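One structure below.
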Amino acid sequence: MSEHVLAELRKQLDELNLQLLTLLNQRAKLVREIGEIKKKQGVNKFDPEREKDMLDRIVKHNEGPFDDHTVRYLFKQIFKASLDLQIEEQKKTLLVSRKKQAENTVVDLKGTLVGNGTPVIVAGPCSVESEEQVFAVARSLKEQGVRLMRGGAFKPRTSPYDFQGLGEEGLKILRRAADEYDLIVVSEIVNPGDMEMAEQYVDVIQIGARNMQNFELLKAAGSVRTPVLLKRGLSATMEEFLFAAEYIVSRGNTQVMLCERGIRTYEKWTRNTLDISAVPILKNESHLPVFVDITHSTGRRDILLPCAKAALAAGADGIMLEVHPNPAVALSDAKQQIDIPSFETFMKDLRASNLMGNQER
Ligand code: PEP
Ligand code: MN
């Protein structure tokens, strides 16, 4: 007899579970509709006041056997799940999201592919200082089979009294060296009004860490068709980083590459803290190629090789580093740039690690 009662009660429980499921999903659909309206109004999805009102009203009607505390807890979980659903949906709609595009974006830089599984190196001086300096580095890159050359002509310096870069003249020097040695020019642009001028000389527009949330600059980079290397802000979360990339991609420039360059923490023995976890996370969350700048993240010459290996092992599509013919007299970042012989040793050691793929050399 009691067996029969138990079976009957269980049957009722199963039915209630299904009813709860239907109600929960009905609720989720309503929340989604509200979310759509809020999105159009540009209002934040999470509304703590409204959540408090709903919880108070529910608890007022609570007749037990659950106590009020438990009821609050249970409904908070339901509210949170609905909010998470909206966030997931928002992520799906981001153009830079892996959920929107499953396959990797591969950026074609005059035949050098970035993001196709074979890592690339970007190397060159912090700042363009002279024709001689850039040509010396360019020659070494050519010898090493490194095609991407960096060099800053517009330098965002902490002190206004420090060297600010050669401006357009610096871009011209980079272009001449790149044409001579068949290299790709990567250079930072800081002014939205300079994008079109820059396109005459550079193959990749770099947006620096300090400008990751310069939204007018991002919009300007989105309206040209030159590929962009976007660096992570000094204290930007990965989410903010991807939103910054979205600014560019949503304007029609889909050729965006991300660059982790270290974030600010309390640690003093490195210039910044290299966030290796950003590499696999950004690769999972987004289809854009991911670089790691081992120079600005560490600010130290002695750990470049292990950090480059770690970045590649974590799935980075490329490594950036600063190389100067005579770092001691460099006009910026003199302490962290490496000289040409050290760069050649670095390349040899990195290739020996087998993390660079099957590159011919
Ligand atoms: C740079 O790469 O030249 C540079 C200034 O780096 P960041 O913007 O990452 O500080
Ligand atoms: Mn630098």
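The values are calculated or read from the model by the stated rules, or taken from the named source; none is laboratory data. No experiment lies behind these values; they were computed from the predicted model shown. No Cβ is skipped: glycine too gets one built from the backbone with ideal geometry, and neighbour counts run over all protein chains shown. For accessibility, only protein heavy atoms count, side chains too; no ligands or nucleic acids. Shrake-Rupley method; radii C 1.70, N 1.55, O 1.52, S 1.80 Å.
Details
- Residue check: THR93 meets all listed conditions (1) more than 23 Å from VAL323 (Cβ to Cβ); (2) open to solvent by less than 50 Å² (accessible area, probe 1.4 Å) but one, namely (2).
- Residue satisfying condition, being within 12 Å of the chain's Cα centre (by Cα) and either acidic (Asp, Glu) or open to solvent by less than 10 Å² (accessible area, probe 1.4 Å) (or both), within set GLU239, GLU216: GLU239
- Test: residue in the stretch 262-273 that is modelled with pLDDT of 95 or more, part of a helix (DSSP H, G or I) and either buried (at least 22 other Cβ atoms within 10 Å of the Cβ) or within 16 Å of ligand 1 (Cβ to nearest atom) (or both): no
- Helices (runs of 4 or more DSSP H) wholly inside the stretch 283-361 that include at least 2 residues being free of Cβ contacts under 8 Å to residues at least 60 places away in the same chain and surrounded by fewer than 18 Cβ atoms within 10 Å (Cβ to Cβ): 304-313, 340-352
- Residue in the stretch 189-200 that is within 14 Å of ligand 1 (Cβ to nearest atom), modelled with pLDDT of 95 or more, buried (at least 24 other Cβ atoms within 10 Å of the Cβ) and not in a helix (DSSP H, G or I) present: yes
- Restricting the stretch 83-99 to residues that are in a loop (DSSP other than H, G, I, E, B) and in contact (Cβ under 8 Å) with a residue 60 or more places away in the chain leaves a set whose member that is nearest to LYS39 (Cα to Cα) is LEU94.
- VAL128 vs. criteria in contact (Cβ under 8 Å) with a residue 24 or more places away in the chain and either within 16 Å of ligand 1 (Cβ to nearest atom) or touching a Pro at 6+ places or on another chain (Cβ under 6 Å) (or both): yes
- If the condition is being of a type in the set (S, T, N, Q) and more than 16 Å from ligand 1 (Cβ to nearest atom), then the stretch 286-307 contributes only SER286.
- Test result for TYR247, modelled with pLDDT of 95 or more, away from ligand 1 (no atom under 16 Å from the Cβ), open to solvent by 60 Å² or more (accessible area, probe 1.4 Å) and over 24 Å from GLU216 (Cβ atoms): no
- Evaluation of ARG50 against (1) within 22 Å of GLU240 (Cβ to Cβ); (2) of a type in the set (Lys, Arg); (3) modelled with pLDDT under 95 (one fails), failing number: (1)
- Taken together, the residues in the stretch 130-162 that are more than 18 Å from VAL190 (Cα to Cα), open to solvent by 20 Å² or more (accessible area, probe 1.4 Å) and part of a loop (DSSP other than H, G, I, E, B) amount to 3.
- The listed residue being among the hydrophobic types (A, V, I, L, M, F, W, C) and within 17 Å of LEU20 (Cα to Cα), out of VAL71, VAL43: VAL71
- Candidates GLN101, GLN144, GLN164, filtered to the one that is within 16 Å of ligand 2 (Cβ to nearest atom) and on the phi < 0 side of the Ramachandran plot: GLN164
This table checks each residue for (1) open to solvent by less than 90 Å² (accessible area, probe 1.4 Å); (2) among the basic types (Lys, Arg).
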position: LEU6; (1), (2): yes, no
position: ASN25; (1), (2): yes, no
position: GLN41; (1), (2): no, no
position: ASN44; (1), (2): no, no
position: LYS60; (1), (2): no, yes
position: THR70; (1), (2): yes, no
position: PHE75; (1), (2): yes, no
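- Of all residues in the stretch 110-129, exactly one satisfies the criterion of being over 19 Å from the mean Cα position of the chain (by Cα), farther than 13 Å from HIS324 by Cβ and not in a loop (DSSP other than H, G, I, E, B), namely THR112.
- Within the stretch 171-187, the set of residues being surrounded by 22 or more Cβ atoms within 10 Å (Cβ to Cβ) and out of contact with any helix residue (DSSP H, G or I) (no Cβ under 8 Å at 6 or more places or on another chain) comprises VAL186 only.
- Condition met for PRO192 (over 27 Å from the mean Cα position of the chain (by Cα) and over 22 Å from ALA123 (Cβ atoms)): no
- Subset of the stretch 219-236 (residues that are part of a loop (DSSP other than H, G, I, E, B) and open to solvent by less than 30 Å² (accessible area, probe 1.4 Å)): VAL224, THR226, PRO227, ARG232, GLY233, ALA236
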